[in-house]
Amino acid sequence: MDFTGKHILSVGQFERADIEHIFTVADGMEPYALRQQVTRVLEGAILGNMFFEPSTRTRVSFGCAFNLLGGEVRETTGFKSSAIAKGESLYDTARVLSGYSDVICMRHPEEGSVAEFSAASRVPVINGGDGANEHPSQALLDLYTIQKELKDKGRKLDGLRIAMIGDLKHGRTVHSLMRMLGLFDRVQFVLISPSELAMPESYIDTARSQGHDITVTTDLAKNIGNVDIVYSTRIQEERFASKEEADVYRGRFRLNQAIYTQYCEPNTVIMHPLPRDSRADANELDNDLNHNPNLAIFRQADNGILVRMALFALVLGVTDQVHKTARPVNWFHSRSVNN
Ligand code: NCD
């Protein structure tokens with residue numbers, strides 16, 4: 001697929017070859033992400049970063065990715081600081097902001113809102129998460145991370161064994177990741193959650209019809225022993241009617257070093273889209289895993305830059321010009337501190 005000028009709204013847009021192409025472009029972004037080289041390929045372009053829900057990684061990494069390609073970033077965060085608080089429609093906001101930007105990234109609490117916005121936008125829109133629905137750029141960076149982490153272990157996306165743990169009902173990252181993995185062959189999904197927060201049937205039915213193997217369970221210890229990846233998630237408190245309702249489920253599925261050592265195969269890769277909820281009553285991924293070399297969560301977050309740079313380069317049609325404007329970095333390389 002030619003991504004130039006296209007919205008990126010759903011993982012359903014991608015075929016396997018598209019994903020492989022995005023990953024090749026992402027690999028080429030490494031010298032810039034590592035600050036070994038500078039490119040100015042998007043000089044003069046403006047990213048409109050519109051985040052109507054809390055975000056650290058997605059918002060900042062989209063912004064940094066755009067900056068690293070030489071573009072400028074303008075941001076709106078939250079409803080209060082936007083004219084939507086004055087009753088402006090998504091249509092009007094999209095018409096106006098797409099006049100100010102060359103590409104827009106948007107996160108919004110309502111399912112389908114980013115697609116609605118994109119229908120009125122004059123420039124490509126990238127979905128940074130619409131409610132519990134989709135998070136396509138996260139699925140891409142998760143898949144990119146899985147592939148990278150498993151390469152040295154001689155395992156691939158085909159035949160992957162993955163346990164997804166936590167709030168699988170509301171988690172848009174696991175929804176998008178499951179759909180995207182569905183494009184590969186013979187994936188074994190182990191879906192571990194409280195029964196009330198189980199993966200919606202539609203995702204399970206689709207994966208089954210594609211020939212994948214699916215186990216649905218409420219038991220963590222017995223089901224993390226034969227997987228390549230454990231993908232932990234946070235209870236999505238903001239999707240519950242009240243904090244008290246979310247509290248019921250917090251802390252149910254915790255992974256720490258002792259549990260990992262006892263139940264996981266050696267070298268099982270640990271992932272989490274972040275933020276992990278490190279409050280004592282939740283703590284789904286304990287800090288005592290921080291020095292476990294298989295904890296991939298920060299490498300996963302770093303990979304977000306590469307994948308998001310690739311998306312911008314593709315959507316703005318500059319993949320073959322990125323390196324033409326490359327030059328060396330001439331400031332002190334501070335990224336080796338505390339590595
Ligand atoms: C996730 C999200 O917003 O869906 N975070 C992210 O983008 N990395 C996961 C979460 O908030 O739990």
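The values are calculated or read from the model by the stated rules, or taken from the named source; none is laboratory data. Note that the structure is a prediction, hence the values are computed from the model and not measured. Counting neighbours? That spans all protein chains shown, and the Cβs are built from the backbone with ideal geometry, glycine included. Heavy atoms of the whole protein, side chains included, go into the accessibility calculation; ligands, DNA and RNA do not. Shrake-Rupley method; radii C 1.70, N 1.55, O 1.52, S 1.80 Å.
General remarks:
- Peptides 8-19, 160-171, ordered by how many other C-beta atoms sit within 10 Å of their residues on average, highest first, read 160-171, 8-19.
- Local electrostatic count, D18, Cβ distance below 11 Å [Lys/Arg +1, Asp/Glu -1]: -1
- Full extension of the chain between R16 and R122 gives 35.4 nm of extra length, using 0.36 nm per residue less the Cα-Cα distance.
- In the chain, the DSSP beta bridges split such that about 10 percent are antiparallel, to the nearest 5.
- Other residues lying with their Cβ under 12 Å from the Cβ of V125 contribute a combined charge of 0, Lys and Arg counting +1, Asp and Glu -1.
- Net charge of neighbours whose Cβ lies under 13 Å from the Cβ of G44, counting Lys and Arg as +1 and Asp and Glu as -1: -2
- Here the Kirkwood formula puts the hydrodynamic radius of the chain at 20.7 Å, using every distinct Cα pair.
- Whole-Å distance, taken between Cα centres, linking the range 156-187 and the range 67-132: 27
- Here the label points at A115 and W331, each 7 Å from Cα along the C-beta direction, are separated by 4.2 nm in the simple model.
- Treating each Cα of the range 252-331 as an identical point scatterer and summing with the Debye formula, the log10 of I(q)/I(0) at q = 0.12, 0.16, 0.21, 0.24 Å⁻¹ comes to -0.55, -0.73, -0.95, -1.15.
- The chain: DSSP helices with Cα axial extent of at least 24 Å and average Kyte-Doolittle hydropathy no lower than 1.0: 297-315
- The range 221-250-the range 1-34 distance, computed between alpha-carbon centres (Å): 29
- Once backbone amide H atoms are built at 1.01 Å from N, G128 has M106, R107 as its partners under 5 Å, excluding neighbours fewer than 5 places away on the same chain.
- Quick note on the range 1-95: its Rg to Rh ratio, both from C-alpha atoms and Rh being the Kirkwood radius, is 1.01.
- The simple Förster model, with R0 at 22 Å and r as the Cβ-Cβ distance, assigns F298 and E265 a FRET efficiency of 0.50.
- Per principal axis, descending, Cα span of the range 50-175 in whole Å: 53, 37, 23
- D by Stokes-Einstein for the range 136-298, Kirkwood Rh over Cα pairs, 25 °C, 0.890 mPa s: 156 µm²/s.
- With θ taken as phi - 60° and the Karplus curve 6.51 cos²θ - 1.76 cosθ + 1.60 applied, the whole-hertz 3J(HN,Hα) list for the range 40-52 is 10, 4, 9, 3, x, 8, 10, 9, x, 9, 10, 10, 9 Hz, x standing for glycine and proline.
- Highest-first arrangement of 98-105, 217-224, 21-28, where packing means the average Cβ count within 10 Å: 98-105, 21-28, 217-224
- By accessible area with a 1.4 Å probe, ligands and nucleic acids excluded, highest first: order of D2, D228: D2, D228
- Peptides 298-305, 46-53, 252-259, ordered by how many other C-beta atoms sit within 10 Å of their residues on average, highest first, read 46-53, 298-305, 252-259.
- For V38, the residues whose modelled amide H falls within less than 5 Å of its own, excluding neighbours fewer than 5 places apart on the same chain, are R327, V329.
- MRE, 222 nm, helices only [DSSP H, n ≥ 4, -39500 (n - 2.57), over the chain, to nearest 500]: -10000 deg cm²/dmol
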